1. Which condition from (1) open to solvent by 30 Å² or more (accessible area, probe 1.4 Å); (2) in contact with a helix residue (DSSP H, G or I) (Cβ under 7 Å, 6 or more places away or on another chain) is the one that SER106 breaks?
2. Out of the residues in the stretch 60-70 that are in contact (Cβ under 8 Å) with a residue 24 or more places away in the chain and open to solvent by 20 Å² or more (accessible area, probe 1.4 Å), which is nearest to VAL110 (Cα to Cα)?
3. Out of everything in the stretch 58-73 that is among the small types (Gly, Ala, Ser) and part of a loop (DSSP other than H, G, I, E, B), what residue ends up being farthest from PHE37 (Cα to Cα)?
4. Can you tell me which residues in the stretch 29-57 are of a type in the set (A, V, I, L, M, F, W, C), open to solvent by 20 Å² or more (accessible area, probe 1.4 Å) and part of a strand (DSSP E or B)?
5. Looking at the stretch 71-97, which of its residues are out of contact with any Ser or Thr (no Cβ under 8 Å at 6 or more places or on another chain), acidic (Asp, Glu) and open to solvent by less than 40 Å² (accessible area, probe 1.4 Å)?
6. Among the residues of the stretch 73-80, is there at least one that is without any contact (Cβ under 8 Å) to a residue 40 or more places away in the chain and over 16 Å from ARG103 (Cβ atoms)?
Amino acid sequence: PLPTRPRPTLTSGPGCGRGESGFLQPPEISYFEHQSFRGAALTIAGEWSVAYTDDFWNDRISSIYVPRGYADILYEHAYFGGRSVLIEGSWNTARRCDYWNDRISSLRVVRR
């Protein structure tokens, strides 16, 4: 079962709310260290690369809570490089052989 409101532990990404620019801040998407939305949590609005922060989250994401109406582009390497995949809806590693389990090093939140 999906959590109703994941507990954020770190927020990263652009911090522009509705201000002079007139743009709305993208929604927060929560990333979890372990499958089934367990372990440490990272909350991102916008985009993230391991190059922006410390190395803790590099290749450690195993499940993602994506709010309705948004999607997530995952990248294998820092700075949005390597293989990529578009995730629509929440994602959870079903088994250890899932290619994207513990391989994500950057990502972007997008509208669907």
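1. The one condition SER106 does not meet is (1).
2. Ranking the qualifying residues of the stretch 60-70, first place goes to TYR70.
3. Residue satisfying both the conditions and the ranking: GLY69.
4. Listed by number, the list holds a single entry, ALA40.
5. If the condition is that a residue be out of contact with any Ser or Thr (no Cβ under 8 Å at 6 or more places or on another chain), acidic (Asp, Glu) and open to solvent by less than 40 Å² (accessible area, probe 1.4 Å), then ASP72 is the only one that fits.
6. No, the conditions are met nowhere in the stretch 73-80.
The values are calculated or read from the model by the stated rules, or taken from the named source; none is laboratory data. Every value quoted in this text rests on a predicted model; they were computed, and no experiment measured them. When we count neighbours, we look across all protein chains shown, and the Cβ atoms used for this are built from the backbone with ideal geometry, even at glycine. Surface accessibility is based on the protein's heavy atoms, side chains included, excluding ligands, DNA and RNA. Shrake-Rupley method; radii C 1.70, N 1.55, O 1.52, S 1.80 Å.
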